[in-house]
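Working notes, structure below.
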Amino acid sequence: MSTKDGKLNDGRTVFYGGKKVEDLSQEPVFAKTLKVVQRYYELQEEDPETYVYEENGEKRSILFMPTMTVEDLAHKRKIYEQIARESYGFLGRTPDFIDTGVAILDFYADILGKDDRTDYAKNARDWANRVKTQDLFISHAIQNPQVDRQKGLAQLLSEGQEFAAVWVKEEREDGVIVRGAKQVNTLAPLADELLIFNLPGLSPEDEKFALAFSLPLATEGVKMVCRKPTMKNDFSLKDYPLSGNFDEMDAFIILDDVFVPNENLFVCGSVDKSNAFFPGSGFFVHTAHQDEVRGYVKLEFVTSLAIRLAEKLGLTGFLRVQEMLGSLTVNLEMIKSSIIASEVTAHMENGVLTPNMQVLLAVRASLTNYYDEAIRVIAEFSSGSVVGVPDFREFENSEISEILKASMTSPLIDAEDRALLLNLAWDVTGESFGQRQRTYEFLHGGNPMWIKNMHWLSEDLSQGNQMLDKVLNNAKAEQ
């Protein structure tokens, strides 16, 4: 049973809608979204020359291929784009996200080392090879519940808070028993396995929390608690073109005394290695490349929607509207060009060509504002019309349908196409689906404020400083 074959009733524990789900295939929020996620696998079948390569005599997804040249990075970018277009960029954590890190883990695994318990580097390499061979969908769990940010994890645990993070409750010869929780795990209910680790930031006293490991979702004690849905099941796609089609479900993960065998551990007990896992394993930079490409596709979608609205609602003759639309297309080109720049300025690291992270962080810090700008434009263009769109079934109501069609039709667009376009605008801006997407874009890659606060410290301004020094020294030298 796997995401690839669509058989998810493997014993995993999922709570949704106030109850434990017995059959995920019978819940539209899972079944419909799964079909979109599975396009990742179907594209490999439809176009193997583009989506498949051979490694060690096995045919594998091209996304597992380590990048050795700029052309490799560009090829992967095009693959990321095509996968993202299947969901219009609105599914942020499809299988290709973690795949990018799995592809290069073999080159970075030595940083994990080994100790008397196990060989962590070997475990990571073995896991990566299994993921590649079986083409598994891995969901990652990194964010800790926000219990009390004024206190450290060790202090919270000493005060009896056992679910402030994931920690080692018991050590055994063949593995460890872990307990705790992770929040905001996107698409986790549809994945094959969880990859659980920490972001940098553990303190020296947090050894019990210093962990990185993988687990099948069906592991005993793993419980996923889903948020409320944004999907609309009681209406047609004409009423809710996006939210009626899929919902990138987020889940709260509970690990209730879960056994993790030694061979599944990548970090255990070392705060330094836990803090180094995400950036030091290559995951951070390579997943960022995929993520910003996906974000570009989504920005392209909302930019196109804004322009379509302006055209069909007769707004393009206004100078202010023209400037607003031009701003959106300028933003789009800046993101696209920056992603390409991250590739052509890539550098070799551990034998792998690695995108320029400073450029990708600039994209990440900017894309949030650009997406929000597009959403505000769509909301402004559609605001006077969108709140008056009726249920699409009213167009079939003989008592009022002709009046509706006559009153809502314009020389630029007929009534039903107008209603459909406005419904799409509402789905993206006003519905819970759109608001969740807006929140996701703002925070999923880290608070943009912190990205900017750190970005300038890493910027290479050596030549700029040389110019400054030249001007200042010339001034000082004047007699």
Worksheet item: Using Cα pairs under 8 angstrom and six or more residues apart, how large is the relative contact order of the stretch 193-295, in percent?
Response: 38
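Of the cross-linked pairs K232/K452; K7/K114; K7/K182; K4/K169; K4/K122; K76/K452, which ones have a Cα-Cα span greater than 30 Å in the structure shown?
Where the Cα-Cα span goes over 30 Å, the pairs concerned are K232/K452; K7/K114; K4/K169.
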Worksheet, complete the sentence: Descending accessible area (1.4 Å probe), largest on the left, turns S243, S410 into S410, S243
Response to the item:
Of all C-alpha pairs within the stretch 270-392, those more than 20 angstrom apart amount in percent to 55
Worksheet item: What whole-number value in cubic angstrom gives the convex hull volume per residue for the C-alpha atoms of the stretch 34-96?
Response: 89
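Roll a 1.4 angstrom probe over the protein heavy atoms and tell me the percent of accessible area of the stretch 293-403 that is carbon or sulfur.
The value for the stretch 293-403 is 55 percent carbon and sulfur by accessible area.
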Worksheet entry | Other-chain or far-sequence residues with amide H under 5 Å of E349's (modelled H) | T354
Discussion item. Using only the alpha carbons of the stretch 60-218, what is the convex hull's orientation-averaged projected area in square nanometres?
Written reply: 11.1
Discussion item. Leaving out ligands, DNA and RNA, and with a 1.4 Å probe, what % of the accessible surface on the stretch 122-194 is carbon or sulfur?
Written reply: 40
Item to complete: Identify all aspartates and glutamates with a Cα-Cα distance to K312 below 19 Å; exclude those on the same chain that are fewer than 8 residues away in sequence.
Response: D239, E300, E323, E380, D414, E416, D417, D427
Discussion item. Checking the cross-link filter: which aspartates and glutamates have an alpha carbon closer than 18 Å to that of K273, excluding same-chain neighbours under 8 positions apart?
Written reply: D106, D110, D115, D116, D119, E205, D206, E207, E263
Worksheet item: Under the Karplus relation 6.51 cos²θ - 1.76 cosθ + 1.60, θ = phi - 60°, what is the ordered set of whole-Hz ³J(HN,Hα) values for the stretch 212-229, x standing for Gly and Pro?
Response: 8, 6, 10, 8, x, 4, 7, 5, 4, x, 7, 10, 10, 10, 7, 6, 5, x
Discussion item. What figure, in Å² to the nearest 10, do you get for the accessible area of D119 with a 1.4 Å probe and non-protein molecules left out?
Written reply: 50
Worksheet item: When the Karplus curve 6.51 cos²θ - 1.76 cosθ + 1.60 is applied with θ = phi - 60°, which whole-Hz ³J(HN,Hα) does each residue of the stretch 180-188 get, with x for Gly and Pro?
Response: x, 8, 9, 10, 6, 9, 6, 6, 4
Discussion item. For the chain, what does the accessible surface come to per residue with a 1.4 Å probe? Please give it in Å².
Written reply: 46
Practice prompt. Over the chain, calculate the relative contact order: mean separation of alpha carbon pairs under 8 Å at least 6 apart, over the residue count, as a percent.
Written response: 16
Worksheet item: Using the Cα atoms as the points, what is the convex hull volume per residue of the chain in Å³?
Response: 199
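Pick out the long, greasy-scoring helices in the chain: whole DSSP H runs spanning 27 Å or more along their own axis by Cα, mean Kyte-Doolittle at least 0.0.
Those that clear 27 Å and a mean of 0.0 are 283-312, 319-344, 357-386.
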Worksheet item: What are the residues whose amide H is under 5 Å from the amide H of D247, where those residues sit 5 or more places off or on another chain and H is modelled from the backbone?
Response: T33
Worksheet item: Per-residue HN-Hα couplings for the stretch 241-249, Karplus 6.51 cos²θ - 1.76 cosθ + 1.60 at θ = phi - 60°, whole Hz, x for Gly and Pro?
Response: x, 9, 5, x, 9, 7, 8, 6, 4
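How big is the Kirkwood radius of the stretch 200-349, worked out from every pair of different alpha carbons and given in Å to one decimal?
20.4
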Worksheet item: Excluding V330 itself, what net charge comes from residues whose Cβ is under 15 Å from its Cβ, given Lys and Arg +1 and Asp and Glu -1?
Response: -3
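The values are calculated or read from the model by the stated rules, or taken from the named source; none is laboratory data. Everything numeric in this text was worked out from a predicted model, so none of it was measured. Positions of Cβ are generated from backbone atoms using ideal geometry, with glycine treated the same way; all protein chains shown enter the neighbour counts. SASA here: full protein model, heavy atoms, side chains in, ligands and nucleic acids out. Shrake-Rupley method; radii C 1.70, N 1.55, O 1.52, S 1.80 Å.
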